[in-house]
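Got a structure for you, written out below as structure tokens; questions coming shortly.
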Amino acid sequence: MNKSVERFFMLFMFRVTFRRVIRKKSTEEFSCFPYIIGLLNCLLFTWYGLPIVSYKWENFPLVTVNGVGIVLELSYVLIYFWYASAKGKVNIS
């Protein structure tokens, strides 16, 4: 349970970065790849914790924390794309 709490607080680590991005209306030199990798990580661990893969709901804390992580990481990626320059969007895709 302690690791779930740590992971939950770790998801809010990028909040300061995105507060700066929103305030300056620019992604500046920030890269989008850590946020995309974080989103994929949350998706993978949520899938792992579901009853389809695990035994019943034994990994419920894993699913809840990473479910919140999916929402947060997806919002970070969407904010990044919203404020990225046209050149930055081309570099990502």
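Where residues in the range 8-35 are aliphatic (A, V, I, L, M) and either closer than 15 Å to residue 67 by Cα or touching a Ser or Thr at 6+ places or on another chain (Cβ under 9 Å) (or both), which of them is most open to solvent (accessible area, probe 1.4 Å)?
For the range 8-35, the residue satisfying everything is 10.
Still on this model: Take residue 71 and tell me if it is of a type in the set (A, V, I, L, M, F, W, C) and either modelled with pLDDT of 90 or more or surrounded by 17 or more Cβ atoms within 10 Å (Cβ to Cβ) (or both).
Criteria met by residue 71.
If residue 58 satisfies all but one of (1) over 13 Å from residue 14 (Cβ atoms); (2) touching a Gly at 6+ places or on another chain (Cβ under 8 Å); (3) not hydroxyl-bearing (Ser, Thr, Tyr), what's the number of the condition it fails?
If we test residue 58 against (1) over 13 Å from residue 14 (Cβ atoms); (2) touching a Gly at 6+ places or on another chain (Cβ under 8 Å); (3) not hydroxyl-bearing (Ser, Thr, Tyr), just (2) comes out false.
Any residue in the range 12-31 that is free of Cβ contacts under 8 Å to residues at least 60 places away in the same chain sitting within a Cβ distance under 9 Å of a residue that is assigned to a loop (DSSP other than H, G, I, E, B) and of a type in the set (Phe, Trp, Tyr)? List the pairs, counting only those 6 or more apart or interchain.
Pairs found: 17/30; 20/30.
If the Cβ limit is 7 Å and pairs must be 6+ apart or interchain, which residue in the range 74-87 that is open to solvent by 40 Å² or more (accessible area, probe 1.4 Å) pairs with which residue that is in a loop (DSSP other than H, G, I, E, B)?
Listed pairs, sorted by first residue: 83/25; 83/26; 83/27.
The values are calculated or read from the model by the stated rules, or taken from the named source; none is laboratory data. What you are looking at is a predicted structure, and each value in this text was computed from that prediction instead of being measured. Heads up, the Cβs are rebuilt from the backbone with ideal geometry, glycines too, and the neighbour counts pull from every protein chain shown. For accessibility, only protein heavy atoms count, side chains too; no ligands or nucleic acids. Shrake-Rupley method; radii C 1.70, N 1.55, O 1.52, S 1.80 Å.
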